[in-house]
Every structure is written in structure tokens, then in C-alpha cells.
Amino acid sequence: MPKLERGLVQVYTGNGKGKTSAAFGLALRAVGRGMRVFMIQFIKGGFDYGELYVVDKLPNLTLKAFGRGKFVVEKPAGKEDVALANEALALAEETVKGGRYDVVILDEVNVALSLKLISLKKVLQLIKEKPKHVEFVLTGRDAPAEIVEAADLVTEMREVKHPYKKGFPARKGIEY
């Protein structure tokens, strides 16, 4: 039985830190209220992120990461990156349309869109076809204008200052 009467579409975008962290915060809150959450990570498979060490310990939270453990910077992207992103999108379509989860999070989907790994048309169709009770969250910098327009809530993380620019490397447990 669905926990939400009306699920919305949320977008966390921008060049600042915290988009995935915000999505995990929402996931933690939802799980705490007995909701079922499914997070699909685009481009993140193979990386050593701290959240991967606790997600299995949380009831009702499922995470599946896709990617080859390298940042995708080539344009056009390689065939393997395109294939993995489309595999993630196929799982997203199945998960969202199935309606078994109260919250579905597509982490870094906006990046996959900006790199042209997946079809914008398919993601927009998925937004339109999501069951009424499903909360749908899309994260990643460079959210396309069409995604922003289709969303009910959009938060833009804006970088004001970042220690990386002073030569501080990413820290285990804080940035990843």
C-alpha cells in the first residue's frame, strides 16, 4: 500500500556540493517513516563511496550503481558508458512504473543527460508516466531546462567557495 497520496518530482542540480547528499537525506527520512526507497546511480558504479557501506544495513533502501569506476569526460562518450547509462535508465523505467517504491531517486541522471548518454525524451516520458504516489528525485549538475520545467521542486546548489580550488583533495567520509 502506498505511503504517499501524491508524489512529486524533485530536482537537485547546480555546480555546488550536496546534491547526492540531499537525496540520501531524503532517502533516510523516508526509510525512517517506513517508506520503500530505490536509488539508481548513473555514472557512479565502481567508485568507493562511503554510502555504499551503510545502505545494506538500512531496511527498505535499495541502491544500484552503474558505471565503470571512471569519470566520464569524453564527448562523445564511449559505448560502454552509453550502454551502462541505458541499463540504468531501463531499471529506472521498470522501478518507477512498477510503483512498488514510494521514493525513486535517479542520482546523477542530469549528468548522464548532459553527456548525451541517455535520451532526454525517455526521462521526460518517465516523469509523465510515474504513478501518482511515487516521489521522484533527479540529481546532478546541468539539469536540462525541460527537466526543470517538468519538476515540482527544483533546488540549485551553487558553489560559493570550495577547498578543492585551494588544492585540498576530496576526503574519505566527507566528499565520498
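The values are calculated or read from the model by the stated rules, or taken from the named source; none is laboratory data. Being a predicted model, the structure only gives us computed values, none of them experimental. Note that each Cβ is placed from the backbone with ideal geometry, even for glycine, and that neighbours are counted across all protein chains shown.
From the list E149, E135, the one residue that fits, being closer than 28 Å to K3 by Cβ, of a type in the set (D, E) and either exposed (fewer than 15 other Cβ atoms within 10 Å of the Cβ) or modelled with pLDDT under 95 (or both), is E149.
Consider segment 125-149 and keep the residues that are touching a residue at least 40 places away in the same chain (Cβ under 8 Å) and of a type in the set (D, E, K, R). The one that is nearest to A90 (Cα to Cα) is K130. State all residues of segment 87-132 that are among the polar types (S, T, N, Q), closer than 23 Å to K70 by Cα and surrounded by fewer than 21 Cβ atoms within 10 Å (Cβ to Cβ); if no residue qualifies, say none. Hits for segment 87-132 are S114, S119. Is one or more of the residues making up segment 78-86 under 22 Å from T20 (Cα atoms), among the charged types (D, E, K, R) and in contact with a Phe, Trp or Tyr (Cβ under 7 Å, 6 or more places away or on another chain)? No, that holds for no residue. Within segment 1-53, if we keep just the residues that are farther than 18 Å from F136 by Cα and of a type in the set (K, R), the residue that is nearest to the chain's Cα centre (by Cα) turns out to be K44. Scanning segment 1-16 for residues that are exposed (fewer than 14 other Cβ atoms within 10 Å of the Cβ), at pLDDT 95 or above and out of contact with any Lys or Arg (no Cβ under 9 Å at 6 or more places or on another chain) gives a single hit, L8. Within segment 35-68, the set of residues being more than 26 Å from R6 (Cβ to Cβ), in contact with a Lys or Arg (Cβ under 6 Å, 6 or more places away or on another chain) and either of a type in the set (A, V, I, L, M, F, W, C) or exposed (fewer than 15 other Cβ atoms within 10 Å of the Cβ) (or both) comprises G46, A65.
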